[in-house]
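Some notes on the structure that comes next.
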Amino acid sequence: MIMNNKITSRKNEKAVHLKKLGADNGYRRGTGMFYCDGEKLLQEAVKNGAEIEMVFTCTELSTKLPDNVPVYETTYDIIESISPMKTPQKVIFSCRKKPAQLKSGSGRYIVLEDMQDPGNVGTVLRTAGAFNVDAVILVGACADPYNHKAVRASMGAIFRQPMIETDLSGLKDLLCDNNIKLIGAALSEKSRDIREISLTNCAVAIGSEGHGLSEEFLAACDELAIIPMDERCESLNAAAAAAIVMWEMSR
C-alpha cells in the first residue's frame, strides 16, 4: 500500500477520474476501469486478486492492500462529490475490468438479453457465483454490469464471476464453437417444463424485465423452457427467474 498526499480539491484529476467512472458508461469502457464503494467491497477485490487502481479514504483502513496500490486521504465531502451514491461509504476505489472468455468444451451458462435494471444484472452475477455457473453472457441492450448499482448488487461477484458481453451473432458463434445448446426461457406453447430438459451442457437465456426474449433471439434457440408456477401468476422478476434456472442447472 502506497500512502500518497491528501486530496483536498474536487477538481483534482484523480477525483475527477473517479467521478467519471461512477457516472459515465462510455468513460468506463474507454478506460477499462470501474468505480466501487465501501471497504467490504475493497476486501472482496483484494481477496479475488482484482487489479485496484487507487483508493480514496476519509477513515483508517483495516484492509491490507497490495504494496503497489496508491491510497489517497481525503474528506467525506469530497467523497460525496465524487460518488454517484446518495450516502456513500468512507472508502471508494477503482478497479480494472477483467476480460472473460468462454472456456472450451462443456459448461453451464446463463444468458441475459436486454436486461436493463443494473440491480438485476448485479443480482444475477451474485447468484451465478453461488451456483458455480461457468459464465454470465450479456447480449444486446443490457445494463452495464460495471454500473455502480450492479457492482454493489453483485456483492463482490463482479471480481470473480466470468462474464462476457456480446451481441446475438457473437453469442451464436461462441455457442456453436463450443457445441453448447441454447435454451430460451419463454411463456410459449412450444416451451417444455425446465425440469424435463437436460441442462448439463447448455446456455439458458432470460429476457428483459418487460418483454422477455426478443423474437429474433427466440428463433435462434434450440429449445424453449418454462418455469412451472401457479397459473394465477403471470410472470417472475427477471433476476428471480434467472436464480431458479441456475438452481435447476446446478442440480
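Structure values in brief
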| read-out | value |
| --- | --- |
| Residue pairs meeting the criteria (Cβ under 6 Å; at least 6 apart or on separate chains; first touching a residue at least 60 places away in the same chain (Cβ under 8 Å), in segment 42-55; second small (Gly, Ala, Ser)) | GLU44/GLY156 |
| Segment 47-69 - residue that is β-branched (Val, Ile, Thr) and farther than 21 Å from PRO99 by Cα and, of those, surrounded by the fewest Cβ atoms within 10 Å (Cβ to Cβ) | THR59 |
| Enumeration of residues in segment 199-223 that are under 25 Å from the mean Cα position of the chain (by Cα) and more than 18 Å from MET115 (Cβ to Cβ) | LEU199, THR200, ASN201, CYS202 |
| Set ASN201, ASN179: member being in contact with a Ser or Thr (Cβ under 7 Å, 6 or more places away or on another chain) and open to solvent by 30 Å² or more (accessible area, probe 1.4 Å) | ASN201 |
| Qualifying residue in segment 185-198 (condition: open to solvent by less than 10 Å² (accessible area, probe 1.4 Å), within 21 Å of the chain's Cα centre (by Cα) and modelled with pLDDT of 90 or more) | no |
| Residue count for segment 1-28, restricted to those that are in contact (Cβ under 8 Å) with a residue 24 or more places away in the chain and more than 21 Å from ILE78 (Cβ to Cβ) | 1 |
| Unmet requirement for THR87, which otherwise passes all of (1) at pLDDT 95 or above; (2) farther than 23 Å from ARG160 by Cα; (3) among the β-branched types (Val, Ile, Thr) | (1) |
| Selection count, segment 207-221, where residues are at pLDDT below 90 and in a helix (DSSP H, G or I) | 0 |
| Where a residue in segment 184-204 is under 22 Å from LEU171 (Cα atoms) and its partner, wherever it lies, is surrounded by 12 or more Cβ atoms within 10 Å (Cβ to Cβ) and among the charged types (D, E, K, R), with Cβ under 7 Å and at least six apart | ILE194/GLU248; ILE197/GLU223; LEU199/ARG108; LEU199/GLU248; ASN201/LYS181; CYS202/ARG108; CYS202/LYS181 |
| Any hit, segment 31-46, residues being among the polar types (S, T, N, Q), farther than 12 Å from PHE93 by Cα and surrounded by fewer than 16 Cβ atoms within 10 Å (Cβ to Cβ) | no |
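Residue-by-condition table, conditions (1) open to solvent by 40 Å² or more (accessible area, probe 1.4 Å); (2) assigned to a helix (DSSP H, G or I):
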{"site": "SER169", "(1), (2)": "yes, yes"}
{"site": "ASP173", "(1), (2)": "yes, yes"}
{"site": "ALA205", "(1), (2)": "no, no"}
{"site": "PRO228", "(1), (2)": "yes, no"}
{"site": "ALA241", "(1), (2)": "no, yes"}
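The values are calculated or read from the model by the stated rules, or taken from the named source; none is laboratory data. Predicted model, so just to flag it, every value in this text is computed and none were measured. Don't worry about glycine lacking a Cβ; one is built from the backbone with ideal geometry, like all the others, and counts go over all protein chains shown. Remember, those area values only see protein heavy atoms, side chains included, never the ligands or the DNA or RNA. Shrake-Rupley method; radii C 1.70, N 1.55, O 1.52, S 1.80 Å.
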